[in-house]
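Participant: One structure coming up, written as structure tokens, with questions to follow.
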Ligand code: ACM
């Protein structure tokens, strides 16, 4: 393995092709203050894969020294690192600008050891583990390098979430946007409002494939994370320098909450007590009633959330809020008049601004989907630009921070090829190469405006992903290309060396194999990865490419 095989690619490296350092039973980890968790991670991963003890030790020539260095911080930032393999004394040093940089350097070290370093136990006791001798300097392009996972449409049990955090870390991604609530399920325990999970975390059946398919699976689906589960997930992420940004989607995408507490809905428009957790896909008309009671209820929810999630940013959704019920509701119309609001867009904005003020008063910052720009936005709020670049450009020009995640580029639920074989093909065709050529900073922005682009994230909506194998298939290999976009200093899209990336992917597929990732093979889906319908056929499950709407 050499320094040029890394994914994501490093900034600068020099190595000596002839010289190697061999890890063996004498190899010690010398963890300086603030890096003990990185030593723990190395022992738990590389130690397990190699069968080497990698014991603590602060002297001798066989050391891997981990340290935080102010010099590296100045030159490369807190997430930057310098890795040197000398084979001398010490044999290896990883100096990070901060502990995060040391951790990303440790990830690089594992890649340099070869694909078998990604296994959980050694295949054989009598093999050598080499590192190439050389030096490497690296730092990320963006501070926000994220993956959003929708656990509402299909629940991912806690083990799967922890595994995804490991997969993010292996790709030097540092934000996990946790989409915890939607019309089809509420996935986080809220002590003050237990029916959110008692009722809201289960649905009686699930639509098969595209929302127009006409087929349901006729099986209950559900699950939720207890507050202890969430604490564990957050701590596990933190140890890997990943921030978990929770999302509670308001005021739309709320049918599961309304099914649990009918008074949250527009009771003067429909009989909300007859609503159940939604069993199909699309944009749902049942939105929250814009009352003071609803605000108090969600303040309770967010209060519990703030105690669980230390993230500065808290995501409040804000997307795809149909306003029909507000138009029809005498109560909502009266509230609009009372609050001096001209139309329903202003009512949505009023709702969002309330939580913006509320979060700001508690030292946090609101982030929401780009619809929150409609009707005005409070100054500190940030935007996830999903409907193309336009929302992000408008937000950056208005001085708001932005995370770029346009659905045309980085929605990983969308199909990876045009063939009929893709399992439940929905959305745009977005190939590995398309993702590799994705540019998060639009050319139209000035330098000052571009500084508002915090970074980028790929989004995974799970309507047609019933289990983690299906999630793996959609996410990989495209997440590897995305990670390089988010981390590495790539040239302009047209100048990117996709052929070179594909060559490096040969190695990376071996790493993913060792990790047990059920990625889409370069040659297309394997027979059992093709469209499996409830009757074993693919009839009606997908959606033709012609006329495909943005949402499933
Ligand atoms: C979204 O895809 N509705 C944010």
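Participant: Quick one: which of 137-143, 298-304 comes out on top by average Cβ neighbours within 10 Å, and what's the full order, highest first?
Facilitator: Peptide ranking by packing, descending: 137-143, 298-304.
Participant: When the chain is fully extended, how far beyond the present Cα-Cα distance does residue 306 get from residue 397, taking 0.36 nm per residue of separation?
Facilitator: On the way: separation 91, 0.36 × 91 = 32.76 nm, distance 2.97 nm.
Going from the current span to full extension adds 29.8 nm.
Participant: Ok, one more. Given axes a ≥ b ≥ c from the Cα gyration tensor, I'd like to know whether the chain is rounded (a/c under 1.5), prolate (a/b larger than b/c) or oblate. Walk me through the numbers on the way to the answer.
Facilitator: Working: a/c = 1.90, a/b = 1.64, b/c = 1.16.
In terms of gyration-tensor shape, prolate.
Participant: Estimate the FRET efficiency between residue 89 and residue 218 by the formula 1/(1 + (r/R0)^6), using the beta-carbon distance for r and 60 Å for R0, to the nearest 0.05.
Facilitator: Details: r = 66 Å, r/R0 = 1.11.
Efficiency, from the Cβ-Cβ distance: 0.35.
Participant: At what distance in angstrom do the alpha carbon centres of region 383-411 and region 92-128 lie from each other?
Facilitator: After rounding, the separation between the Cα centres reads 35 Å.
Participant: So how do 14-24, 113-123, 484-494 stack up, highest first, on mean other-Cβ count within 10 Å?
Facilitator: Numbers: 14-24: 13.8, 113-123: 15.9, 484-494: 17.9.
Answer by packing, highest mean first, reads 484-494, 113-123, 14-24.
Participant: Same structure again: Report, in whole Å, the centroid distance computed from the Cα atoms of region 235-281 and region 341-374.
Facilitator: 17
Participant: Which angle between 0 and 90 degrees, to the nearest 10, do you get for helix 99-113 versus the longest principal axis of the chain when only C-alpha atoms count?
Facilitator: 60
Participant: Compute log10 of I(q)/I(0) for region 55-147 with the Debye formula, placing one identical point scatterer on every Cα and leaving out solvent, at q = 0.17, 0.18, 0.19 Å⁻¹, to two decimals.
Facilitator: For the requested q values the scattering log ratios are -0.79, -0.87, -0.94.
Participant: First check a/c for region 376-418, with a ≥ b ≥ c the square roots of the eigenvalues of its C-alpha gyration tensor; if it is under 1.5, answer rounded, and if not, answer prolate when a/b is larger than b/c or oblate otherwise.
Facilitator: Prolate is the answer for region 376-418, as a/c is 1.5 or above and a/b outweighs b/c.
Participant: Given the Cα-Cα distance of residue 130 and residue 528 and 0.36 nm per residue of separation, how much length would full extension add, in nm?
Facilitator: Values: separation 398, 0.36 × 398 = 143.28 nm, distance 3.71 nm.
Working it through step by step, the gained length comes to 139.6 nm.
Participant: How far apart, in nanometres, would the label points at residue 374 and residue 283 be if each is projected 7 angstrom from Cα along the Cα-to-Cβ direction?
Facilitator: 0.6
Participant: Considering only DSSP beta bridges where both residues belong to the chain, give the percentage that are antiparallel (nearest 5). Mind dumping the intermediate values first?
Facilitator: Details: 24 of 67 bridges.
Of those bridges, close to 35 percent are antiparallel.
Participant: Angle between the Cα long axis of helix 498-515 and the longest principal axis of the chain, 0 to 90 degrees, nearest 10?
Facilitator: The helix 498-515 is inclined about 90 degrees to the chain.
Participant: May I ask for the angle, rounded to the nearest 10°, between helix 227-239 and the longest principal axis of the chain, with both axes built from Cα atoms and the value confined to 0 to 90°?
Facilitator: Result, in degrees: 40.
Participant: Which of rounded, prolate, oblate describes region 232-276, given a ≥ b ≥ c as roots of the alpha-carbon gyration tensor eigenvalues and a/c under 1.5 marking rounded, otherwise prolate only if a/b is larger than b/c? Mind dumping the intermediate values first?
Facilitator: Details: a/c = 5.98, a/b = 3.59, b/c = 1.67.
Here region 232-276 falls in the prolate category.
Participant: While we're looking at this one, here's another question. Express the relative contact order of the chain as a whole percentage, based on alpha carbon pairs under 8 Å and six or more residues apart in sequence.
Facilitator: Numbers: 1221 pairs, mean separation 78.1, N = 552.
This gives 14 percent for the chain.
Participant: Hey, what did region 216-337 get for relative contact order, percent, Cα under 8 Å, at least 6 apart?
Facilitator: On the way: 140 pairs, mean separation 41.5, N = 122.
Over region 216-337, the number comes to 34 percent.
Participant: Give, as ranges by residue number, the residues of region 276-316 whose backbone N falls under 11 Å from the point 7 Å along Cα→Cβ of residue 365.
Facilitator: Residues 312-314 fall inside that zone.
Participant: How many nm separate the modelled label positions at residue 199 and residue 12, each set 7 Å beyond the Cα in the direction of the Cβ?
Facilitator: Result for the modelled spin labels: 6.1 nm.
Participant: Another question, if that's okay. Over the Cα atoms of region 343-468, each weighted equally, I'd like the Debye log10 I(q)/I(0) at q = 0.17, 0.19 Å⁻¹, rounded to two decimals.
Facilitator: -0.91, -1.02
Participant: So what is the relative contact order for region 300-429, in percent, with contacts set as C-alpha pairs under 8 Å and at least six apart? Numbers along the way, then the final one.
Facilitator: Numbers: 170 pairs, mean separation 23.2, N = 130.
Reported as a whole number, the value is 18 percent.
Laboratory data are not the source of any read-out in this text; all were calculated from the coordinates shown. Given the structure is predicted, the values throughout are model-derived calculations rather than measurements. Every residue, glycine among them, receives a Cβ derived from its backbone with ideal geometry; neighbour counts consider all protein chains shown.
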